[in-house]
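Peer 1: Got a structure for you, questions after.
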Amino acid sequence: MIRNILQKQEGANIVGELLNRDILMVGFGLYWGEGYKYENSELGFTNSNPYMIRFYFKWLKLWGVNKDSLIFRLTLNEFFRKEESKLKFFWINFLDIRKDQFSKITYIKTNLKKASREDIKKYKGILRVKVRKGTALRNKILGAIEHIAKI
């Protein structure tokens, strides 16, 4: 256990302080993997990791996008329907966003047989983050990613 802590600390020391260019480049990687590239020319990002979503906010801020111009859609497994308010409240507090920025919650049915109790305990749903009027910025981002892909 101590070894794991030391290894994590070593990793943090290697990274050090993140400059804006570092955040920009990490954000390109995240968007390349999880961002909207094909659907409706929207600038959006979907993930279940709250820290990744929060990092995405920092990345968007570099582009001049603030949280007020974002729309959120939460997707939950049907199993968690009764937890809807609690899970939405988690996202609102964790990301410091307004309740009125959420659109209707989407429910999906997936098999939870492989999920451990710990997985179920950590479940927060999947959050879709969409930027209002973000088409021009999306095109810039995709252009940068195409440039990166040629390296």
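Peer 1: Tabulate in residue order the Karplus-calculated ³J(HN,Hα) for region 93-104, using 6.51 cos²θ - 1.76 cosθ + 1.60 with θ = phi - 60°, rounded to whole Hz; enter x for Gly and Pro.
Peer 2: The phi angles translate into 6, 5, 9, 6, 10, 8, 4, 6, 7, 8, 8, 4 Hz.
Peer 1: Quick one: what are the phi-derived ³J(HN,Hα) couplings along region 55-72, Karplus 6.51/-1.76/1.60 with θ = phi - 60°, whole Hz, x for glycine and proline?
Peer 2: Residue by residue, region 55-72 yields 5, 4, 4, 4, 5, 4, 4, 4, 8, x, 9, 9, 4, 5, 9, 10, 10, 10 Hz.
Peer 1: Here's another thing I want to ask about it. Highest mean first, how do 124-135, 8-19 rank when packing is the count of other Cβ atoms within 10 Å averaged over residues?
Peer 2: Working: 124-135: 17.8, 8-19: 8.8.
The peptides rank, most packed first, as 124-135, 8-19.
Peer 1: Please report Rg (one decimal) and Dmax (integer) in Å for the Cα set of region 1-80.
Peer 2: Here Rg and the maximum Cα pair distance are 15.8, 48 Å.
Peer 1: Can you tell me which of 85-95, 55-65 comes out highest on packing, and rank the rest after it, using the mean Cβ neighbours within 10 Å? Present the calculation step by step, with values, prior to reporting the outcome.
Peer 2: Working: 85-95: 14.3, 55-65: 16.2.
Per-residue mean Cβ counts within 10 Å order the peptides as 55-65, 85-95.
Peer 1: Per residue of region 114-126, in order, report the coupling 6.51 cos²θ - 1.76 cosθ + 1.60 (Karplus, θ = phi - 60°) as ³J(HN,Hα) in whole Hz, putting x for Gly and Pro.
Peer 2: 7, 6, 7, 4, 5, 4, 5, 5, 7, 4, 10, x, 10
Peer 1: Moving on to the next point. Express the relative contact order of region 40-151 as a whole percentage, based on alpha carbon pairs under 8 Å and six or more residues apart in sequence. List each step's numbers first, then the result.
Peer 2: Numbers: 118 pairs, mean separation 51.8, N = 112.
So the answer I get is 46 percent.
Peer 1: Using just the C-alpha positions of the chain as equal point scatterers, what log10 of I(q)/I(0) does the Debye formula give at each q in 0.13, 0.21 1/Å?
Peer 2: Cα-only, vacuum Debye calculation for the chain: -0.72, -1.31.
Peer 1: Carbon and sulfur atoms: what percent of the 1.4 Å accessible area of region 1-83 do they account for?
Peer 2: Values: 3070 of 5590 Å².
Answer for region 1-83: carbon and sulfur cover 55 percent of the accessible area.
Peer 1: Toward the positive end of the charge dipole of region 100-151, about the Cα centre and with charges on Cβ (Lys, Arg +1; Asp, Glu -1), which of Ile145, Val129, Tyr107 goes farthest?
Peer 2: The residue sitting most towards the positive pole is Tyr107.
Peer 1: Can you classify region 72-115 as rounded, prolate or oblate using the Cα gyration tensor, where a ≥ b ≥ c are the square roots of its eigenvalues, rounded means a/c under 1.5, and otherwise it's prolate if a/b beats b/c and oblate if not? Each step should come with its number before you reach the end.
Peer 2: Details: a/c = 2.68, a/b = 1.96, b/c = 1.37.
Prolate shape, in that a/c is at least 1.5 and a/b is the bigger ratio.
The values are calculated or read from the model by the stated rules, or taken from the named source; none is laboratory data. These figures come from a predicted structure and were not determined experimentally. Because the Cβ atoms are built from the backbone with ideal geometry, glycine has one as well, and the counts that use them run over all protein chains shown. Note: accessible area is taken over every heavy atom of the protein model, side chains too, but ligands, DNA and RNA are not part of it. Shrake-Rupley method; radii C 1.70, N 1.55, O 1.52, S 1.80 Å.
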